[in-house]
Ligand SMILES: Cc1cc2nc3c(=O)[nH]c(=O)nc-3n(C[C@H](O)[C@H](O)[C@H](O)COP(=O)(O)O)c2cc1C
Ligand code: SF4
Ligand code: FES
């Protein structure tokens, strides 16, 4: 055998950071597992962060050693997610208590910046005051969170009181639990599917006729997705998307905090009809009350029903991009949430390389009622030629912000007048985001467009997750657009240049009182055309909207 001369000369010595055996042993005890799963890396990081208030380099080294992976792998994941505080050592840990103040559009319009500043001045570093993107409580803007406890319509006094009272945990709202849900006819449809009183073929046909579209934002027909998945080779997986990070959106939280079993029943029906072997539920970290509710109710379901697929819940870690379906799959696999290039599509090659049915939680929420009441019950709800209804998350300058269930195809004016109680006192309607942060901005003069998938695109907008933010004469569209571009800059995963550099550059250009409109237009178009995923493709929509519909707000320097 030939000798490898080079190898002979190498003396093996430990490279990189050395494992601290005391830390290693403490971590072993903390994680308390016989088998380290690579896809559980983010779960392990959560445990360290929750226990120690940060993740030190020693802990990352010990974790890499226990998992048998490189330190780089642990480091790149830990630093990707905003909810992990990666620090050199214990001396660099942030203060024990963090207060998060949302500074996305609706909160920003309601004084979030001033609130964060006042809190910062008062606590002077003893409490960490962090400005964070939308936490899904936009109907109660400005919203803050004291450790895990959300404070709605937050004021300095309210936050200070929560801190003084050490009120750190979320209140659990009243919701329909398993017992009440069953007493009211719940899981009847699921049982009909199991007993084949409703065949799987019929279920898919009904779903297709109902024209239920994916409610996560893309609007892909749900029935067609099920059909595609059924044609794929088993084992098949279901990944439920409850990342709900799109600023302005809070419908998923609303339904989960009031009627979680309607969603669980839809999830079990989908699993049965499509032939799902395992379910993963990805829940954003900003919804701790939902986590408590879901864990409790899922335990009951597992005890109640035989033969359901294994269900695993995964906790996001503060990264908006993980709502994008392929990024979510990467995150469930324990990696950085970076979107995959397609094809192949996740329906063919998804989670762990298996065909994956990926759904927004609300899409599954409506399945039970559609199968129970019939396809036309759902389809007939629409107006102006549209089908079904939408759960509009309405926030901004209206009297009654909240989730309003209204027909697809309703106009924004009808939504304001008939559902949201009209404009707030002293405010007149000026403009609106028809589809959350990425769906663009329209002026009040365009108040008669039916709101639905496919109706807004010709105006450079889209409905997305049906989050409508209402601006008034007290707001400027350019400020709202600046807030959103800063959000996208913060949340860009960095994988592709048009988005990573484009959001930064646009944010810089928009700081100036006078905009270089030619350059911004060019940059926006490049981002839309050349970015890998929907984040970068849509990030400049609000900028383009300002240029097109609110030109008076930005004095143009490019033509000077
Ligand atoms: C940047 C970005 C963020 C997204 N965030 C979410 C999200 O938070 N929740 C969600 O359900 N879908 C989100 N989506 C849409 C998903 O990629 C996917 O289309 C959806 O979850 C599919 O489920 P559905 O067909 O039931 O809507 C996002 C898409 C993009 C491009
Ligand atoms: S568009 Fe943005 S978020 Fe999407 S892959 Fe590129 S850098 Fe990442
Ligand atoms: S909670 Fe602040 S904008 Fe959504």
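Fewest neighbouring Cβ atoms within 10 Å first, the residues 453, 305, 488, 389 line up as 305, 389, 453, 488. Apply the Debye scattering formula to the chain, with a single equal point scatterer on each alpha-carbon and no solvent, then give log10 I(q)/I(0) at q = 0.07, 0.09 Å⁻¹. For the requested q values the scattering log ratios are -0.43, -0.71.
Cβ-Cβ distance of residue 445 and residue 300, R₀ of 45 Å, FRET efficiency by 1/(1 + (r/R0)^6): the value works out to about 0.30. Along its principal axes, the stretch 478-556 has C-alpha extents of 34, 20, 16 angstrom, given from the largest down. When each of 361, 423, 313 is scored by the number of other beta-carbon atoms lying within 10 Å, the sequence from fewest to most is 313, 423, 361.
In the chain, the DSSP-assigned H stretches of four residues or longer account for a calculated mean residue ellipticity at 222 nm of -12000 deg cm²/dmol, using -39500 (n - 2.57) per stretch and the full residue count as denominator. For the stretch 69-133, the alpha carbon convex hull comes to 88 Å³ per residue, rounded to a whole number. Highest average first, the peptides 116-123, 39-46 ordered by how many other beta carbon atoms sit within 10 Å of their residues are 39-46, 116-123.
In terms of packing, defined here as the mean over residues of other Cβ atoms within 10 angstrom, the peptides 54-65, 146-157, 168-179 line up highest first as 54-65, 146-157, 168-179. Protection proxy ranking for 321-328, 526-533, 84-91, using the average of other Cβ atoms within 10 Å per residue and placing the highest first: 321-328, 526-533, 84-91. Residue exposure proxy: 462, 21, ordered by other Cβ atoms within 10 angstrom of their Cβ from fewest to most, comes out as 21, 462.
Any idea what diffusion coefficient the stretch 389-471 gets from Stokes-Einstein, in µm²/s, Kirkwood Rh on alpha carbon pairs, 10 °C, 1.306 mPa s? It comes out at roughly 131 µm²/s. Computing FRET efficiency as 1/(1 + (r/R0)^6) for residue 25 and residue 121, where r is the C-beta to C-beta distance and R0 is 60 Å, gives about 0.90.
Once the Cβ-Cβ distance of residue 413 and residue 518 is raised to the sixth power relative to R0 = 45 Å, the FRET efficiency obtained is 0.85. When DSSP beta bridges are restricted to pairs lying wholly in the stretch 98-164, around 55% turn out antiparallel. With the cut-off at 16 Å, report for the stretch 283-366 the share of all Cα pairs above it, as a whole percent. Roughly 61 percent, rounded to a whole number. Solvent-free Debye calculation, one equal scatterer per alpha-carbon of the stretch 430-537: log10 I(q)/I(0) at 0.10, 0.14, 0.15, 0.17 Å⁻¹ equals -0.28, -0.57, -0.65, -0.84. Considering only the Cα atoms of the stretch 98-164, their convex hull presents on average a projected area of 3.6 nm².
The numbers here are math on the coordinates, done by the rules we state, and not lab data. Keep in mind it's a predicted model, so treat the numbers as computed, not measured. Methodologically, a virtual Cβ is constructed for each residue, glycine included, from the backbone with ideal geometry; neighbour enumeration extends over all protein chains shown.
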